[in-house]
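Visitor: I am attaching a structure below and will ask some questions about it afterwards.
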Amino acid sequence: MKILVCITHVPDTTSKINFKDNNTKFDPTGVQFIIGPYDDYALARAIEIKEATPGTTVTVLNVGLADTEPTIRKALAIGADDAIRVNADPADSFFVATQIAEHAKTANYDLILMGRESIDYNSGVVHSIVGEMLGIPSVSPVMKLDIEGTKAKLAREIEGGKESLEVNLPFVAGCQEPIAEWKIPNMRGIMSARTKPLKVVEAKAVDSGYKIQKFELPPPKGAVKMIPADNVAQLVTLLKTEAKVL
Amino acid sequence: MAILVFVESAEGKIKATSIEAVAYAYQLGDAVTAIALGDVEKSELEGLGKYGAKKVLHAADAKLNQPVIQAYTNVLIKAMEDEAADILVLANSSLGTPVAAKVAVKTGASLASNVVSLPDKSAGFAVKKSIYTGKAFAWVELTNPKKVIAIRKNAVDIKEVSGNAAVTPYTVQLSDSDFAVKTLSTEKATGEILLPEANIVVSGGRGMKGPEHWSILEDLAKALNAATGCSKPVSDMGWRPHHEHVGQTGVKVAPQLYIAVGISGAIQHLAGVNSSKCIVVINKDPEAPFFKAADYGIVGDAFEIIPKLTEAIKAVK
Ligand SMILES: Cc1cc2nc3c(=O)[nH]c(=O)nc-3n(C[C@H](O)[C@H](O)[C@H](O)COP(=O)(O)OP(=O)(O)OC[C@H]3O[C@@H](n4cnc5c(N)ncnc54)[C@H](O)[C@@H]3O)c2cc1C
Ligand SMILES: Nc1ncnc2c1ncn2[C@@H]1O[C@H](COP(=O)(O)O)[C@@H](O)[C@H]1O
């Protein structure tokens, strides 16, 4: 089986977000980058399938500039076999999806796994766009994925519950927990990742009709009003008359 | 400017988030047609007039009673064409977001999801989108003539207008390939207020000590007409179902009021709640980081405070 896992290179979940150049660029100063947490679930499930199914290969793909390579190497250390970096600033979902589809359309993957959403742009759409571009089904957010021959059984989370689905390979899935447990690279993985193939390809030009004009931070939060534990009635009054949310 | 709004329904009723999508479309430009798929009550469809829909297309084919993404996508593409709609508005959801993406690919539309406000048309057509899990926003210009906009809860204030919408049956052609993803079964909470749609959310963390103590939070939620949520460890330990877990890796909520009980306020939890209008934190530790993100706080034992709070709420209702 051939599996493609698409990973993002994103600020650690504890990062403070700042912008520079008059709020037009992300400021990476002091930020630690990680594999997107949802992408990490996708990767972990891919590695589990590889371990259970002899002859399976896992390729990771990232659309990003050279600074994403340590993140890609981490995915190789976790157990992917090889990697592709499409050399471009991942400006928007449509652009990214086009690059992924462009690569996948000739590579004949049985399974394309992604995260349910990136934690920088939070669009939750790249998997759907890639599926539509390739003319194959896409399902997200997938919390359970079992391959049974040429078919897969999936559980998808919906508001207030879940759906059990069945779909033929190939398809695209956007993954989330508890599909698998995050994997931590071991020493052997880290050593072997250094020599695994990482191919850099140039991006295809796309006009996606989407242009980020500027970024904005939320207004700072006012001070918290503390209420004594023996006066919950005061809280109810404030919620009614001051916050006007009751 | 003709606008089509996809309205989602559950158990015959239009979802609150879709009513907001109609209100959004009306405030964006006035020629609003809504489309509903599957089994929906007629009075519900007519009632969309109150939020600005002039016309409602109803594709009542029984095959559409199950929300199948590919089938819904193709119906919407056809409806956009028939209505000469250049904008599609819908609610960000497990159904709406994938449908939005697929429609955009097929129609060559500019796509924006997670949109939090009406567009700024002073320079092009720009929408504000939530990014970095609620820690920032981006203003994005949508430059293609067609646009698909998936809005997040609380993107607009709902203003009521007068009149009923005219409901027209809408026939659709469905093909087998629309059902390539087969739904085997659906498990869904019924009769509960769903977390992503709730105006008030009561959430519990590890400080609740165990699933057997959730009844006091449920009583509070009931008194407030609220949904219940939880922190990640709580769902990891199986105290509560996974779909109730709020935060970076769970559901992102944007209610009017979020009440956090026995939750420390880790940055990953805050990421899922920071768009709430008002946050109340109840925690026995005065140093709990959640107080810094709160509007109101009470330091104390949840097991003493929550029952009292429930009584106080009942007293004013
Ligand atoms: C990549 C990543 C993603 C994550 N995603 C999420 C996410 O989506 N959502 C999420 O919630 N977490 C997430 N986490 C976990 C997060 O970091 C915290 O570990 C978690 O939120 C803590 O849950 P808690 O507040 O319930 O528990 P704790 O941190 O243990 O806090 C319990 C709190 O209860 C209080 N308490 C105890 N007893 C009482 C009492 N009797 N009355 C009142 N208060 C009491 C304590 O003072 C304490 O503040 C993520 C972590 C990582 C690394
Ligand atoms: N720059 C990128 N490179 C590779 N994969 C990506 C990239 N951006 C997004 N993806 C994949 O698409 C998923 C959904 O992203 P998004 O639609 O941005 O929320 C992510 O979880 C990744 O798996």
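The values are calculated or read from the model by the stated rules, or taken from the named source; none is laboratory data. It should be emphasised that the depicted structure is a prediction, and the values quoted were computed from it without experimental measurement. Heads up, the Cβs are rebuilt from the backbone with ideal geometry, glycines too, and the neighbour counts pull from every protein chain shown. These accessible areas exclude ligands, DNA and RNA; they are computed on the full protein's heavy atoms, side chains included. Shrake-Rupley method; radii C 1.70, N 1.55, O 1.52, S 1.80 Å.
Visitor: Would you please state which residues of region B:21-44 a label at residue B:65 would reach in this model, taking the label point 7 Å out along Cα→Cβ and a backbone N cut-off of under 19 Å?
Guide: B:36-44
Visitor: Continuing with this model, one more query. Distance between Cα centroids, region B:114-151 to region B:50-103: provide it in whole Å.
Guide: Comparing the Cα centres of region B:114-151 and region B:50-103, I get a distance of 20 Å.
Visitor: Something else about it: Show A:120, B:120 ordered by accessible area, largest first, where the area counts protein heavy atoms only and the probe is 1.4 Å.
Guide: B:120, A:120
Visitor: State whether region A:125-181 is rounded, prolate or oblate according to the following rule on the C-alpha gyration tensor (a ≥ b ≥ c being the square roots of its eigenvalues): a/c under 1.5 gives rounded; otherwise a/b larger than b/c gives prolate, and the remaining case gives oblate.
Guide: Because a/c hits 1.5 or more and a/b fails to exceed b/c, region A:125-181 counts as oblate.
Visitor: Would you please classify the overall shape of chain A from the alpha carbon gyration tensor, given that a ≥ b ≥ c denote the square roots of the eigenvalues, rounded means a/c under 1.5, and beyond that prolate means a/b larger than b/c while oblate covers the rest?
Guide: Prolate, because a/c is 1.5 or more and a/b exceeds b/c.
Visitor: Under a Cβ-only charge scheme (Lys and Arg +1, Asp and Glu -1), can you give me the dipole magnitude of region B:195-316 about the Cα centre, in debye to the nearest 20?
Guide: 200 debye
Visitor: Chains A and B: buried accessible surface, both sides, probe 1.4 Å, rounded to 100 Å²?
Guide: For A against B, buried area totals roughly 6800 Å².
Visitor: Carbon and sulfur together cover what percent of the accessible area of the protein assembly as shown at a 1.4 Å probe radius?
Guide: Result for the protein assembly as shown: 52 percent of the exposed heavy-atom area is carbon or sulfur.
Visitor: Below 8 Å, C-alpha to C-alpha, sequence gap of six or more: please give me the relative contact order for region B:195-316 in percent.
Guide: 25 percent
Visitor: Mind checking the dipole of chain B: about its Cα centre, +1 per Lys or Arg Cβ, -1 per Asp or Glu Cβ, Debye to the nearest 20?
Guide: The dipole magnitude comes to about 540 debye.
Visitor: Here's a follow-up. Taking every residue in B:147-153, how many Cβ atoms of other protein chains lie within 10 Å of its Cβ, on average?
Guide: The per-residue average across the peptide is 1.
Visitor: How large is the helix-only mean residue ellipticity at 222 nm for the protein assembly as shown, computed as the sum of -39500 (n - 2.57) over DSSP H runs with n ≥ 4, divided by its residue count, in deg cm²/dmol to the nearest 500?
Guide: -7500 deg cm²/dmol
Visitor: Which residues does a label at residue B:106 reach in region B:131-174, if reach means a backbone N under 18 Å from a point 7 Å past the Cα toward the Cβ?
Guide: Backbone N within reach: B:146-150, B:170-174.
Visitor: I need the shape label for chain B. Rule: rounded when a/c is under 1.5, else prolate if a/b > b/c, else oblate, with a, b, c from the alpha carbon gyration tensor.
Guide: prolate
Visitor: Could you give the distance between the Cα centres of region A:154-170 and region A:105-143, to the whole Å?
Guide: 14 Å
Visitor: Now, a different point. Measure up A:144/B:232; B:188/B:292; A:221/B:314 against 24 Å on the Cα-Cα distance and list the ones that go over.
Guide: Check vs 24 Å cut-off fails for B:188/B:292; A:221/B:314.
Visitor: Mind checking the angle between helix A:37-52 and chain A's longest principal axis? C-alpha axes, 0 to 90 degrees, to the nearest 10.
Guide: 30 degrees
Visitor: While we're here: Could you size up the charge dipole of chain A around its Cα centre, putting +1 on the beta carbon of Lys and Arg and -1 on that of Asp and Glu, and report it in debye to the nearest 20?
Guide: Rounded to the nearest 20 debye, it is 280 debye.
Visitor: With the crude spin-label approximation of a point 7 Å out along Cα→Cβ, what separation in nm comes out for residue B:303 versus residue A:184?
Guide: According to this spin-label approximation, the distance is 3.4 nm.
Visitor: Remind me, relative contact order of region B:2-179 in percent, using alpha carbon pairs under 8 angstrom and six or more residues apart?
Guide: It comes to 28 percent, rounded to a whole number.
Visitor: Now for a separate question. To the nearest 0.05, what FRET efficiency results for residue B:177 and residue A:150 with a Förster distance of 22 Å applied to their C-beta separation?
Guide: 0.85
Visitor: Same structure, new question: In whole percent, what relative contact order does chain B give with Cα contacts below 8 Å and a gap of six or more residues?
Guide: Once normalised by length, the contact order is 14 percent.
Visitor: Between region B:253-317 and region A:29-71, how far is it from one alpha carbon centroid to the other, in angstrom?
Guide: First find each Cα centre; the distance between them is then 36 Å.
Visitor: Rolling a 1.4 angstrom probe over the protein heavy atoms, how many square angstrom per residue are accessible across region A:2-221?
Guide: It amounts to 43 Å² per residue over region A:2-221.
Visitor: Continuing with this model, one more query. Take peptide B:173-182, look around each residue's Cβ out to 10 angstrom, count Cβ atoms belonging to other protein chains, and average those counts.
Guide: For this peptide, the per-residue mean of nearby foreign Cβ atoms is 3.
Visitor: Let me ask something else about it. Could you tell me which of B:105, B:66, B:85 has its Cα farthest along the dipole of region B:43-148 towards the positive end, charges placed at Cβ (Lys, Arg +1; Asp, Glu -1), taken about the Cα centre?
Guide: Of B:105, B:66, B:85, it is B:105.
Visitor: Calculate the mean, over all residues of peptide A:214-223, of how many other protein chain Cβ atoms lie within 10 angstrom of the residue's Cβ.
Guide: Averaged over the peptide's residues, the number is 4.
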